[in-house]
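Worksheet: the structure to be examined is printed underneath.
The values are calculated or read from the model by the stated rules, or taken from the named source; none is laboratory data. Please read these numbers as outputs of a predicted model, since none were measured by experiment. Because the Cβ atoms are built from the backbone with ideal geometry, glycine has one as well, and the counts that use them run over all protein chains shown.
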Amino acid sequence: MAYLQLKGIEKFFGEHRAIKGIDLDIQPGEFIVFVGPSGCGKSTLLRLIAGLEHIDGGTLSLEGRDITHLPSSKRDLAMVFQSYALYPHMSVFENMSFALKLAKVDPKVIAEKVNRAADILNLTPYLQRTPKELSGGQRQRVAIGRAIVRAPKVFLFDEPLSNLDAALRGQTRVEIAKLHRDLGATTIYVTHDQVEAMTLADRVVVLRDGVIEQVGTPLELYDKPANQFVAQFIGTPQMNVVPSAQLPAAAMPLVPPAAQGGSIGLRPETVVVRQDDQGLVRGRVDLVEALGAETLIYVHTTEGAQLVARQSERTHLSPGDAVTLDLATGQAHWFDSSGRVVTA
Ligand code: ATP
């Protein structure tokens, strides 16, 4: 039986059906990430689980118990917000102990739990400071610490890193991953950053327009996307998707029948740019991005297709240069005209 189970979950804002019959089974200790474009409903779904929004249809259960209409405070879940939501006039220690104090936990036990969480999160030197005396990353760790001391059944994170700069975001992401490994707590994490999704998740839930498009491990989504939407949402730079008609027949000897009139999807690492005329597709360089460890080369082909190639070697190519392309069509994804995957 699932630990946390969503069955036909619905949410309306007035006439707008924001969440459309979501079914999802989450296992104990799993790290689940909700991703999707802005407005797809990921925060709303998290808030429904947290009890911060009323569930309009379906059932939510935790360990087999129906909690659909249970107040947030009785759900035994702890949420970490993007804005941290710390009490500005309380010290770090007081912020972290607040919920336990309200629950009338013995002060000795509170001190033990807070000190342990502070230790895990490297916050011990800051326990007497107030939030305004901390950096953004430290504040975020206090918000996480406040959730840890409550030892909830499920941790909920709503874009917890989006207020941090890129370096700190990377560091804190690694800390969250370690924390999950150490505590083994069931976690649901909302982000629009697919690197966070790919690196943190046991399973990623891709949402679009209030509906689940696909659930899978990060590599399942990368290697076997169910449709063009997931294929292009997961992976940076985006998968190249080119209408079949825009590639010369010589480059694609084996188009599956259902993909004729549809398109071909090629990950940037399966497109090889050649400086000789031996490739099957001709084109010109639009842009070169030298990122150090890798180089991205944007090309438009004679047939009008736009493609990006990712390579680990550096290049002397410049915009306007004539090139040819090898396409690893054996690793291609095929889509029919409505974006569904077609197996070759
Ligand atoms: P983002 O990444 O931009 O935060 P999201 O995927 O988290 O987006 P939600 O905030 O869950 O999206 O919103 C889902 C849909 O519900 C959107 O169309 C949004 O406009 C609508 N919505 C969310 N909250 C409310 C509200 N309180 N009242 C009315 N509509 C709302």
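Computed values, structure above
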{"quantity": "Criterion (buried (at least 17 other Cβ atoms within 10 Å of the Cβ) and of a type in the set (A, V, I, L, M, F, W, C)) met by exactly one of ALA249, ALA231", "calculated": "ALA231"}
{"quantity": "Top-ranked residue in the stretch 277-313 [being in a loop (DSSP other than H, G, I, E, B) and under 20 Å from GLN238 (Cα atoms); ranked as farthest from the chain's Cα centre (by Cα)]", "calculated": "GLY304"}
{"quantity": "VAL271 being over 27 Å from VAL195 (Cα atoms), surrounded by 14 or more Cβ atoms within 10 Å (Cβ to Cβ) and aliphatic (A, V, I, L, M)", "calculated": "no"}
{"quantity": "Selected residue [within 16 Å of the ligand (Cβ to nearest atom), at positive phi and either assigned to a loop (DSSP other than H, G, I, E, B) or not assigned by TED's automatic domain parsing to the domain that holds VAL149 (or both)] from GLY21, GLY39, GLY29", "calculated": "GLY39"}
{"quantity": "Index of the failed condition, PRO237 passing every other in (1) under 10 Å from PHE335 (Cβ atoms); (2) not in a helix (DSSP H, G or I)", "calculated": "(1)"}
{"quantity": "Neighbours by Cβ (under 6 Å, 6+ apart or cross-chain): first from the stretch 111-137, at pLDDT 90 or above; second among the β-branched types (Val, Ile, Thr)", "calculated": "LYS113/VAL149; VAL114/VAL149; ALA118/THR124; TYR126/VAL92; LEU127/VAL92; ARG129/VAL92"}
{"quantity": "Qualifying residue in the stretch 198-219 (condition: surrounded by fewer than 16 Cβ atoms within 10 Å (Cβ to Cβ) and assigned to a strand (DSSP E or B))", "calculated": "yes"}
{"quantity": "LEU70 vs. criteria away from the ligand (no atom under 16 Å from the Cβ), more than 19 Å from the chain's Cα centre (by Cα) and either modelled with pLDDT under 95 or part of a helix (DSSP H, G or I) (or both)", "calculated": "no"}
{"quantity": "Candidates GLN278, GLN238 - the one that is touching a helix residue (DSSP H, G or I) at 6+ places or on another chain (Cβ under 9 Å) and among the polar types (S, T, N, Q)", "calculated": "GLN238"}
{"quantity": "Test: residue in the stretch 30-44 that is hydroxyl-bearing (Ser, Thr, Tyr) and surrounded by 15 or more Cβ atoms within 10 Å (Cβ to Cβ)", "calculated": "yes"}
{"quantity": "Some residue of the stretch 62-76 being more than 21 Å from ARG173 (Cα to Cα), in contact with a Ser or Thr (Cβ under 8 Å, 6 or more places away or on another chain) and surrounded by fewer than 14 Cβ atoms within 10 Å (Cβ to Cβ)", "calculated": "yes"}
{"quantity": "Residue pairs meeting the criteria (Cβ under 9 Å; at least 6 apart or on separate chains; first assigned to a strand (DSSP E or B), in the stretch 148-164; second within 16 Å of the ligand (Cβ to nearest atom) and charged (D, E, K, R))", "calculated": "LEU156/ARG47; ASP158/LYS42; ASP158/ARG47"}
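One line per residue, one yes/no per condition, for (1) among the small types (Gly, Ala, Ser); (2) at pLDDT below 90; (3) over 24 Å from LEU4 (Cα atoms):
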site: ALA201; (1), (2), (3): yes, no, no
site: LEU219; (1), (2), (3): no, no, no
site: PHE229; (1), (2), (3): no, no, yes
site: PRO237; (1), (2), (3): no, no, yes
site: ALA259; (1), (2), (3): yes, yes, yes
site: ARG267; (1), (2), (3): no, no, yes
